[in-house]
Amino acid sequence: MPESLADSLAIAARGLPRELVSRGEQLRLLRRARGLAPVHCAGFEIRLAGAPGGVDLQQRITPRDAEPERFAAFLAASGRCEQAGWRRIRDFLLAWSDGELAGTVTECWLEYEPAAGLSPCVFVSFARRGGRRECMPALRRSLEILAGREEALRLAAAAWEVARRLPRGATIYDVGLMARRASALRINIGGFAPTGAAAVLAALGWDRAEQVRIGAFARAAAPFARHCKLALDWHGGLLPRAGLEIVPGGDPELAETAATRARWRGLLAWLCSKKACDADRAAALLCWPGEDEPPGCPLPWPESLVVESLARGAGEFSVMGRRLSHVKVDFVPRRPPAAKAYFGFGRLWRRAPAVAEAATSLHAAVRAAAARGAAFLRSEQPRDAPWKDFSGVQGGSEEWVGAYVAAALARNRGNESLRAARATWNWLARLRNAPGWGFGPLFSADADSTLWALRLASLLGRMRAPRARGGLAFLRRHRLRDGGVGTFLPATLGHAGQARGRRAVAGWCRAHAEVTAAAGALPGFGDRSAAWLLRAQRRDGRWQAYWYDEDAFATALAVEHLAGRRGEASLRARTRAARWAAARVARDGAVSGAGRASAFAAACCLRILLAAPPTGDMRAATRRICAWLLAAQGADGSWSGTAPLRVPLPGDPRPSASGARMGFSRDERGFFTTATAIDALGRFAETERKGRRAPARRRNAAGASASRSGTPAPARPRRSRSRSRRR
């Protein structure tokens, strides 16, 4: 079968979140892409709120690597040029490649509508040097080829009328011809600050009320925008609707920076607060950026890219980069703003690493990556509060997330990490009058949040503090007769009396694997938690999580707890869990969660394998995961948030990924995932340093023994002087 855009789309679609593009839409897009030219850069347009609707596919053409010529040749060979729209596109591409439009046309986008039989919408971008007059000759010539001479005269006159009325600095960046409406022109205006949007509209004679509304929106979005554009429609005159394009990042061919990621997080959170964006789609968007490389890709790499790589020599190779582009907010009079997101993928070139870099040991690289991740977490810690994440669930958690992240930093060691962990413990110790901790200050205390605060206290040697003793007593009330630990008490949820009320919250109050396993490290829980976990293990080797759409987290906590217990039962359970985890590891080390590569799932599987009996296959799997985590780490040291937190219905004892629920969110800021990753990498580095030799068993202050899973003993509380003398 001849190469097409579908070859690269299939690679990128492996990381395409279902919250953004459903499986049915993915299949439709792949079918459409099989008939499109193999110019491997494309994007998607999706709604951010309301019904998902159809997904538009867009394809980018640049003057590099003879893309216009290749695209024109594909059209000629496919017979598409019999249709007038496609024939004009071919003629435009040939004029562009022949040099007539070279230097003035910088790129072209084709937007394929869902309806079959239509030629695509065409968007042409112009060089941004010079003033408003400089782009007009190329604009007129492009319209003449794409729309015909007579139509081009009317459209070019409309574009010039808009251009000459623009305030100083603003100019036309792009124009587009709409497939569904003849004589319709899209005019994109840029070159102004977000605070100047109202001035641009005023110069064009816009309705006063709409000027104010759009201008206020643009000013509020200014902190998240690297630059903005206004998209206006002309059809016999300027139509009263307008689109505000908010672009948080820069060149999409460069790696995403920490500043760009922060602007995207802020923009999407702000849109969610305006009810213009769905929290699940916002979290999924933030997980999109990344790169696919040929060695780790299970699908065939596009032949044209292989040939180009060979032509460039051994020093360069192609990757498929996934990037976020921009958000467009549409304004129609007397309607609320409607937001859409634009994101996509494309072929990028990377230079092969130098010999000295390739010789760097994995152990040193892992330690450096863990240090960068810890530095990211420390830099993102608010001054007078801990980290807050999972904003899609009741505005987010700071107590539970803060305790979890601080515990990971405490394990990471280092003076700065310990200072950050101590600051979090001091904040937690002052927080509540009643024992225990919860999801946030406004929520009731629960066992899960409390045990992570206690694990932090254990690592810092604060288990004798009054707040820790009270929290431990509160946690013990959640132990059930079978040895498991529930997250809530019926009385806490207001259902202490009637049996019907207890059944209504039975799901939240039953024993949960991730809670029972994590509590096992604390005094008084070890043996009974281990016994419950051995009974609760599934046949395939995993433990089923209750609060996550990812069983690897509960399984990692379970095997780490069982690694400190002797006996054949513990050994068999850890071996089965390791087989389950190893089967999820792809050739490139990626681990998929909810249909896409997940740093959270990969880190959890790494922890499972490290806590299992060592074999050659397991060691190879751990190294592949480490290599993938190193490649997936962001420039700021973080990993994209892929921890899938779910809130089941209170009475649901066995929730599933597809069942009804009260809430769902990923850690959109990446704090929970990054903490899990540095914990896993730290355990790997420690295991490598020790040569997989099991250390001497030593009981720690939390009641758990250090083992070859790599759990360090916390700081020991100082003995009283009188006790030392008696000994």
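The values are calculated or read from the model by the stated rules, or taken from the named source; none is laboratory data. Being a predicted model, the structure only gives us computed values, none of them experimental. A quick note on method: Cβ atoms are made from the backbone with ideal geometry, for glycine too, and the neighbour counts reach across all protein chains shown. Surface accessibility is based on the protein's heavy atoms, side chains included, excluding ligands, DNA and RNA. Shrake-Rupley method; radii C 1.70, N 1.55, O 1.52, S 1.80 Å.
General observations
To keep it simple, each residue is scored yes or no on (1) surrounded by 24 or more Cβ atoms within 10 Å (Cβ to Cβ); (2) under 30 Å from ALA258 (Cβ atoms); (3) modelled with pLDDT under 95.
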{"position": "VAL559", "(1), (2), (3)": "yes, no, no"}
{"position": "ARG565", "(1), (2), (3)": "no, no, yes"}
{"position": "TRP580", "(1), (2), (3)": "no, no, yes"}
{"position": "ALA601", "(1), (2), (3)": "yes, yes, no"}
{"position": "CYS604", "(1), (2), (3)": "yes, yes, no"}
{"position": "THR622", "(1), (2), (3)": "yes, yes, yes"}
{"position": "ASP636", "(1), (2), (3)": "no, yes, yes"}
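- All of ARG477, ARG481, ARG462, ARG455 fail the test of being in contact (Cβ under 8 Å) with a residue 24 or more places away in the chain, open to solvent by 60 Å² or more (accessible area, probe 1.4 Å) and either closer than 21 Å to PRO523 by Cα or touching a Ser or Thr at 6+ places or on another chain (Cβ under 9 Å) (or both), apart from ARG462.
- Subset of the range 532-589 (residues that are part of a helix (DSSP H, G or I), of a type in the set (Lys, Arg) and touching a strand residue (DSSP E or B) at 6+ places or on another chain (Cβ under 8 Å)): none
- Residues satisfying the stated conditions in the range 122-180, i.e. assigned to a loop (DSSP other than H, G, I, E, B) and among the charged types (D, E, K, R): ARG128, ARG129, ARG132, ARG133, GLU134, ARG168, ARG180
- Filtering ARG213, ARG164, ARG208 for residues that are touching a Phe, Trp or Tyr at 6+ places or on another chain (Cβ under 8 Å), open to solvent by 60 Å² or more (accessible area, probe 1.4 Å), more than 28 Å from ALA84 (Cβ to Cβ) and modelled with pLDDT of 90 or more leaves a single hit, ARG213.
- Residues of the range 33-67 satisfying the condition of being surrounded by fewer than 18 Cβ atoms within 10 Å (Cβ to Cβ) and touching a residue at least 60 places away in the same chain (Cβ under 8 Å): GLY50, GLY54, ASP65
- Candidates ARG689, ARG669, filtered to the one that is crowded, with 24+ Cβ neighbours inside 10 Å and modelled with pLDDT of 50 or more: ARG669
- Residue within the range 69-80 that is charged (D, E, K, R), within 26 Å of ARG323 (Cα to Cα) and in a helix (DSSP H, G or I) present: yes
- GLU308 of a type in the set (Asp, Glu), in a strand (DSSP E or B), at pLDDT below 90 and more than 14 Å from ARG666 (Cα to Cα): no
- Conditions (1) open to solvent by less than 10 Å² (accessible area, probe 1.4 Å); (2) over 19 Å from ALA184 (Cα atoms); (3) at pLDDT 90 or above; number of the one not met by ARG70: (1)
- Yes/no for ALA12 being out of contact with any Pro (no Cβ under 8 Å at 6 or more places or on another chain), part of a loop (DSSP other than H, G, I, E, B) and open to solvent by less than 10 Å² (accessible area, probe 1.4 Å): no
- GLU113 fulfils the conditions (1) within 24 Å of PRO2 (Cβ to Cβ); (2) open to solvent by 50 Å² or more (accessible area, probe 1.4 Å); (3) touching a residue at least 12 places away in the same chain (Cβ under 8 Å); (4) of a type in the set (Asp, Glu) except for a single criterion, (2).
- Boolean, LEU244 is outside any helix (DSSP H, G or I), of a type outside the set (S, T, N, Q) and touching a helix residue (DSSP H, G or I) at 6+ places or on another chain (Cβ under 8 Å): yes
- Any hit, the range 646-661, residues being open to solvent by 10 Å² or more (accessible area, probe 1.4 Å), in contact with a strand residue (DSSP E or B) (Cβ under 9 Å, 6 or more places away or on another chain), outside any loop (DSSP other than H, G, I, E, B) and free of Cβ contacts under 8 Å to residues at least 24 places away in the same chain: yes
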